[in-house]
Structures are given as C-alpha cells and as structure tokens.
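Student: Before we start, here is the structure in question, set down as structure tokens.
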Amino acid sequence: MTVVALVTGANRGIGYEVVRQLAVLGHTVLLSARSKDAAGAAAARLTGMPGEVHPLVLDVTDEAGVARAAETVADRFGRLDVLVNNAAVHYDTWQRAVGADLAVVREAMDTNLYGPWRTAQAFLPLLRASGRGRIVNVSSEAASLTNMGGGTPAYTASKTALNALTRMLAAELRGDRVLVNAVCPGWVATDMGGPGGRPVGDGAAGVVWAATLPDDGPTGGFFRDGRPLPW
C-alpha cells in the first residue's frame, strides 16, 4: 500500500525537498502551502516522480482551514501515514530576549507551536486509521536546553515548546502505533537559514529518515541526521 504523507510549508526550502525525497521513494505526498497558487506551482515542478505529488491549501494558523484540509484528505485517501510539521516563521536574529517584541514571539508561537499542535489534532483520526502513523516535528538544535544561549528568542522559545509537544504526543500516542519525533535539519541554506549552510538535501534527509521509520523505530526523540541530540 502506498504511503500517504503530508508536509506543511512545503512550497520551498526544506519542506519542498522533503516532498521531493518522499516522492522519489514512491510515496504519495500532499504538498501544502498557504495559497492555492503556491502549492500548485510547487507541485507542478515535481511531476514525473515515482510517487504522486498533490497540492493542498493549508495555513497552519487557520483552525478552520486546517479542519477543511483534514476533511479533504479524509475524503480522498481515508488515512494519513506521515505528517511532517515543517511550516515555521521568524528566525529572529535581530532581537534578544531582554528586549524582544512580544508580538513577534506570539506570531512565532502561533505558527511554530500552535500550528503543529492544531494540525496534529486535526489529522490524528487519519493517522490512527493508518495503523502506523508518523509525526515529524521539524525543530532546531537552538531549542536544546542543554546548549541554549541568547538570541533568536521567538524562534528558540517556540521550537523548545515544540520539542515539549513532541514528547507529550509521543507518550500519548504510543499505544496507537504513532511514532512522534523532533528533527533538527541543521543550518541549511534556505530563505530562512540564509547562505552558507549545508545543502538543503542533506537537511531534508534527516526529516525523511524520521518519516520513514520502521514500526520498531524510536519515538519521543530529538535527532539530527538520524542521531540523538540532547534535549
């Protein structure tokens, strides 16, 4: 049976490359973006892959829109095997915690924490229907309390909270055979990460690894390149 995967924020950067790599593996992939045009244009660039790529309109900050997207997937496929929570905003290198604009922090939380949270909740019935669901939360080593310093307060706080959500969901969904892990792709040369980072394909590969774990694979972990990171 073909794996059905959904990647949020997938019209560019790491999300787009995750879609491409999953499609190379022959999976059916839902490439989601906030606008119909962005999702459609990105999916059109991936025609002719071993797996099918379908555009999907999904804004993770829009609760009603997330619910509509879940209904669309339910009607078309009846299940979801993989959810990759990739959509993120505000890598706020310009500010520090002592003087942070809390409006920016709230925006980051809405996309980077509440977005994955509401998306996981909406798609959970379809992940349970899979019988072997996978949730991958794209995080960052900046969220590691072990190594944390100052800077990028909105991004760092939101990703640290996402790591906590990962642990909670993993514990609660273990009995449903849904594996939930957080993955740091590393510093990747994308629009958000800026120039000088590692190739996008390398960063995406760690996300794909977590999305394609076997049934006896880890859950509730924090990884980069398939290796554990300190919380």
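The values are calculated or read from the model by the stated rules, or taken from the named source; none is laboratory data. All values reported here derive from a predicted model rather than from experimental measurement. Every residue, glycine as well, gets a Cβ built from its backbone with ideal geometry; the counts of neighbours run over all protein chains shown.
Student: Going through segment 13-36 one residue at a time, which ones are over 17 Å from ASN112 (Cβ atoms) and of a type outside the set (A, V, I, L, M)?
Tutor: Those that are over 17 Å from ASN112 (Cβ atoms) and of a type outside the set (A, V, I, L, M): TYR16, GLU17, ARG20, GLN21, GLY26, HIS27, THR28, SER35, LYS36.
Student: When residues of segment 1-45 are filtered for being more than 15 Å from ALA69 (Cα to Cα), modelled with pLDDT of 95 or more and among the hydrophobic types (A, V, I, L, M, F, W, C), how many remain?
Tutor: 13
Student: It is to be established whether one or more residues within segment 115-126 are in contact with a Gly (Cβ under 6 Å, 6 or more places away or on another chain), of a type in the set (A, V, I, L, M) and within 18 Å of LEU30 (Cα to Cα).
Tutor: First, the residues of segment 115-126 that are in contact with a Gly (Cβ under 6 Å, 6 or more places away or on another chain): none.
No: zero hits.
Student: In the list ALA64, ALA33, ALA43, which residue meets the criterion of being crowded, with 22+ Cβ neighbours inside 10 Å, farther than 18 Å from VAL89 by Cα and either free of Cβ contacts under 8 Å to residues at least 40 places away in the same chain or among the polar types (S, T, N, Q) (or both)?
Tutor: ALA43
Student: Name the pairs whose Cβ atoms lie under 8 Å apart, with the first residue in segment 120-137 and crowded, with 20+ Cβ neighbours inside 10 Å, the second among the charged types (D, E, K, R) and in a helix (DSSP H, G or I), and 6 or more positions between them or separate chains?
Tutor: LEU127/ASP176; GLY133/ASP176
Student: Still on this structure: Somewhere in segment 93-110, is a residue crowded, with 23+ Cβ neighbours inside 10 Å and β-branched (Val, Ile, Thr)?
Tutor: As a first pass, look at segment 93-110 and keep what is crowded, with 23+ Cβ neighbours inside 10 Å: 108.
Checking which are β-branched (Val, Ile, Thr) leaves us with none.
For segment 93-110, residues crowded, with 23+ Cβ neighbours inside 10 Å and β-branched (Val, Ile, Thr): absent.
Student: Out of all the residues in segment 41-74, which are farther than 15 Å from ASN11 by Cβ and not in a loop (DSSP other than H, G, I, E, B)?
Tutor: Answer for segment 41-74, where residues must be farther than 15 Å from ASN11 by Cβ and not in a loop (DSSP other than H, G, I, E, B): GLU63, ALA64, GLY65, VAL66, ALA67, ARG68, ALA70, GLU71, THR72, VAL73, ALA74.
Student: Residue by residue through segment 142-155, note down the ones that are surrounded by fewer than 22 Cβ atoms within 10 Å (Cβ to Cβ) and assigned to a helix (DSSP H, G or I).
Tutor: ALA142, PRO153
Student: Now for a separate question. Which residue, of GLY78, GLY26, GLY15, is in contact (Cβ under 8 Å) with a residue 12 or more places away in the chain and buried (at least 17 other Cβ atoms within 10 Å of the Cβ)?
Tutor: GLY15
Student: Those residues that are assigned to a helix (DSSP H, G or I), in contact with a strand residue (DSSP E or B) (Cβ under 7 Å, 6 or more places away or on another chain) and farther than 21 Å from GLY206 by Cβ, I need them from segment 4-40; list them, please.
Tutor: Hits for segment 4-40 are LYS36, ALA39, GLY40.
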